[in-house]
Amino acid sequence: MSDTSFDLVVIGTGPGGYVAAIRAAQLGLKTAVVEREHFGGICLNWGCIPTKALLRTAEVYRNIQHATSYGIKVEKASVDLEATVKRSRQVAAQLSGGISGLLKKNKVSVFEGQGKLAGSGKVSVEKDGKTTSLASKHIILATGARARTLPGLEPDGKFVWSYKEALVPDTTPKKLLVVGSGAIGIEFASFFNEIGSDVTVVEVMDRVLPVEDAEISAFAERAFKKQGMTIKKGTTVTDLKKSATTVTASFKDAKGKVTTDSFDRVIMAVGIVGNVENLGLEGTKVKVDRTHIEVDEYSRTGEPGVYAIGDLTGPPWLAHKASHEGVICVEKIAGVKDVHPLNTSNIPGCTYCHPQVASVGLTEEAAKAAGHDVKVGRFPFIGNGKAIALGEPEGLIKSVFNAKTGELLGAHMIGAEVTELIQGFGIAKTLETTELELMHTVFPHPTLSEMMHESVLDAFDKVIHI
């Protein structure tokens, strides 16, 4: 096999691509990756990781502002935006370098440039006008996605920001408009609100965080409003007019009423579209539906030997979903026994706003719509000793069960550190745990995790501490 002939070529090194490549190499496949920009993709460089670094700064600043309630005196604390952004970029750079090291450690060949299909079993890599041809029996497309734009509301990089500009802001806007209240929009809204911006969030749906359980969404909205955010639900932005220093937005509510307001900056966070362009899909049997590639349960496309994983294939648009898809895909290719398709209902979702939001499985509404007779348990943070000791008494743990079988159908949380807690219910769902196993599990005290236990007990009328 030549230096340009491989068992597997992966196009894209985001959380799906680099994980797939490493797992393939572990299984003995001669593997190569093609990357046009930076290791780790959008998630590591311009998404998941740098946003968490920014949000950590906001959290530290918030804690300092409330330091007196913990018996600590702090004077004249302020946010250095330039230093905050610098730290965020350093974190991203460190992890991107780490992925480079992992690929090298696992003897994965790296080709820099724009990769695309170039006929059956072939990939072309173009960089600086030069083209390298690779041969491979198996090719995984892992090119991810980018921010969706709306006609007339396109980011300009100055007054109207995409996530990229929002991650490296040159100023803290006095007034900020965030269009879209999904995870990306709410995380940016939370960050800028914490460091001093007057934030307005606009959502076309009838509630913020619309994919979450309705009860959790309502709790989140109350918390955001209490923090000073303005929330406009059932509202669309119809126009953005820019002046020398501001942007005037026109809003249309559900009743057709039109209003306007001016802002220093606007962040567009209205979803994503798959990067399907320039992949050489023409003339193949790969099917694309609304910018996303159609695949089966093992990430196989309609073209023999061509696979697709991650955001490129549609929701849920989550890094950990992409990674797991990559592992399943290459294990199937390598002939590993007992490879199971990914059950998306077992994938936790997390939003790192303040308060944090996390969930797994069916919402209460979805469970009922699916025909389940449900039992629902709830436990508030105010009833938990650790939460009170932390000074974090605002939150809720909610669990949803099948009333007849005791199957855990879903869990939904809002409050401090729930993005860490949710994996407990994620494991429970994967193990097909019933309420009895969860009730018989001993949860340590004092911990926030005790609330998970109590919510289960509450669903079956056995709760102790409320």
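The values are calculated or read from the model by the stated rules, or taken from the named source; none is laboratory data. Since the model is a prediction, treat every value here as computed from it, not as a measurement. Positions of Cβ are generated from backbone atoms using ideal geometry, with glycine treated the same way; all protein chains shown enter the neighbour counts. Keep in mind that these areas ignore ligands, DNA and RNA; they rest on the heavy atoms of the full protein, side chains included. Shrake-Rupley method; radii C 1.70, N 1.55, O 1.52, S 1.80 Å.
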At a probe radius of 1.4 Å, what is the per-residue accessible area of Tyr163, in Å² to the nearest 10? 30 Å²
For the range 67-210, would you read off the P(r) tail past 28 Å as a percentage of all alpha carbon pairs? 47 percent
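Evaluate E = 1/(1 + (r/R0)^6) for Leu150 and Lys104, where r is the Cβ-Cβ distance and R0 equals 56 Å; express this FRET efficiency to the nearest 0.05. Each step should come with its number before you reach the end.
Values: r = 41 Å, r/R0 = 0.74.
For Leu150 and Lys104, the calculated efficiency is 0.85.
Could you size up the charge dipole of the range 362-466 around its Cα centre, putting +1 on the beta carbon of Lys and Arg and -1 on that of Asp and Glu, and report it in debye to the nearest 20? Don't jump to the answer; show the numbers that get you there.
Details: 8 positive and 15 negative charges, 26 e Å.
It works out to roughly 120 debye.
Using Cα-Cα distances under 8 Å and only pairs 6 or more residues apart, what relative contact order does the range 5-70 have, in percent?
On the way: 66 pairs, mean separation 19.7, N = 66.
For the range 5-70, the relative contact order is 30 percent.
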Centroid-to-centroid separation of the range 162-185 and the range 403-419 [C-alpha atoms, Å]: 31 Å
Eigenvalues of the Cα gyration tensor times 5, then square-rooted: what semi-axes does that give for the chain, in whole angstrom, largest first? 37, 30, 22
Identify, among Ser78, Gly14, Thr31, the residue whose Cα sits farthest towards the positive end of the charge dipole of the range 11-134, taking +1 on the Cβ of Lys and Arg and -1 on the Cβ of Asp and Glu, with the dipole about the Cα centre. Thr31
What trypsin sites (Lys or Arg not before Pro) in the range 286-324 are in a loop by DSSP, with at most 13 other Cβ atoms within 10 Å of the Cβ? Lys287, Arg290
What is the Cα radius of gyration of the range 121-192 over 2.2 N^0.38 Å, N being its residue count? 1.67
What's the Kirkwood radius of the range 348-466 in Å, using all Cα pairs? 14.0 Å
Evaluated at q = 0.22 Å⁻¹: base-10 log I(q)/I(0), Debye formula over Cα of the range 71-150: -1.16
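Return the loop-located GluC sites (Glu not before Pro) in the range 4-81 (DSSP other than H, G, I, E, B) with at most 12 other Cβ atoms within 10 Å of their own Cβ; answer none if there are none.
Details: sites: Glu35, Glu37, Glu59, Glu75; in loops: Glu37, Glu75.
Filter output for the range 4-81: Glu75.
For the range 260-388, what is the accessible area per residue in Å², given a 1.4 Å probe and the full set of protein chains? Don't skip to the end; give the middle numbers.
On the way: 5820 Å² over 129 residues.
Solvent-accessible surface per residue comes out at 45 Å².
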For the chain, Cys with no neighbouring Cys Cβ under 4.7 Å: Cys329, Cys350, Cys353
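At a threshold of 8 angstrom on Cα-Cα distance, excluding pairs fewer than six apart, so keeping six or more, what relative contact order does the chain reach in percent?
Details: 985 pairs, mean separation 63.9, N = 466.
Relative contact order comes out at 14 percent.
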To the nearest 10 square angstrom, how much accessible area does Leu436 have with a 1.4 angstrom probe? 80 Å²
Enter the accessible area of Cys43 (Å², nearest 10), with the probe set to 1.4 Å and all protein chains included. 30 Å²
Averaged per residue, what accessible surface does the range 149-230 expose to a 1.4 Å probe, in Å²? 39 Å²
Using the basic label-point model (7 angstrom from Cα toward the beta carbon), what is the Thr405 to Thr245 distance in nanometres? 6.3 nm
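Order the following by accessible area, largest value first: Leu431, Leu362. Probe radius 1.4 Å; ligands, DNA and RNA are ignored.
On the way: Leu431 120, Leu362 55 Å².
Largest accessible area first, the list is Leu431, Leu362.
Under the Kirkwood approximation for Rh and a Cα-based Rg, what ratio Rg/Rh is obtained for the range 248-346?
Numbers: Rg = 19.4 Å, Rh = 16.4 Å.
Using only Cα positions, Rg/Rh for the range 248-346 is 1.18.
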List, in the order given, every pair from Lys321/Lys429; Lys232/Lys386; Lys321/Lys375; Lys332/Lys404; Lys116/Lys137 whose Cα-Cα distance in the structure shown is over 24 Å. Lys232/Lys386; Lys321/Lys375; Lys332/Lys404
Could you please state how large a percent of the accessible area of the chain is carbon and sulfur, counting protein chains only and using a 1.4 Å probe? 52 percent
By what distance, in whole Å, do the Cα atoms of the range 157-213 stretch along each of the three principal axes, largest value first? 35, 20, 14
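Highest mean first, how do 257-264, 172-179 rank when packing is the count of other Cβ atoms within 10 Å averaged over residues?
Numbers: 257-264: 13.6, 172-179: 21.1.
Packing proxy ranking, top to bottom: 172-179, 257-264.
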Candidate residues Thr149, Thr171: accessible-area rank, largest first, probe 1.4 Å: Thr149, Thr171
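Report the charge-dipole magnitude of the chain in Debye, nearest 20, computed about the Cα centre from +1 at each Lys and Arg Cβ and -1 at each Asp and Glu Cβ. Kindly include the intermediate steps, with their values, before the conclusion.
Numbers: 52 positive and 54 negative charges, 187 e Å.
Dipole magnitude for the chain comes out near 900 debye.
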What do you reckon, how do Asp213, Asp289 stack up by accessible area (1.4 Å probe), largest on top? Asp289, Asp213
Between the range 192-214 and the range 271-335, the alpha-carbon center distance in angstrom: 30 Å
Whole-Hz couplings from phi, Karplus 6.51/-1.76/1.60, listed for the range 259-266; x for Gly and Pro: 10, 9, 7, 10, 9, 6, 9, 10
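Using the Kirkwood radius over C-alpha pairs as Rh, can you work out the diffusion coefficient of the range 193-259 via Stokes-Einstein at 37 °C, viscosity 0.692 mPa s, in µm² per second? Present the calculation step by step, with values, prior to reporting the outcome.
Numbers: Rh = 13.2 Å.
For the chosen part, D equals 249 µm²/s.
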Given the rule -39500 (n - 2.57) for each run of at least 4 DSSP H residues, summed and divided by the residues of the chain, what is its mean residue ellipticity at 222 nm, to the nearest 500 deg cm²/dmol? -9500 deg cm²/dmol
What is the Cα coordinate range of the range 270-423 on the first, second and third principal axes, sorted by size from largest, in whole angstrom? 60, 36, 30
Pair Ala77, Glu112: separation of 7 Å Cα→Cβ label points (nm): 4.1 nm
Hey, could you pull the Cα Rg and Dmax for the range 156-300, both in Å? 17.8, 55
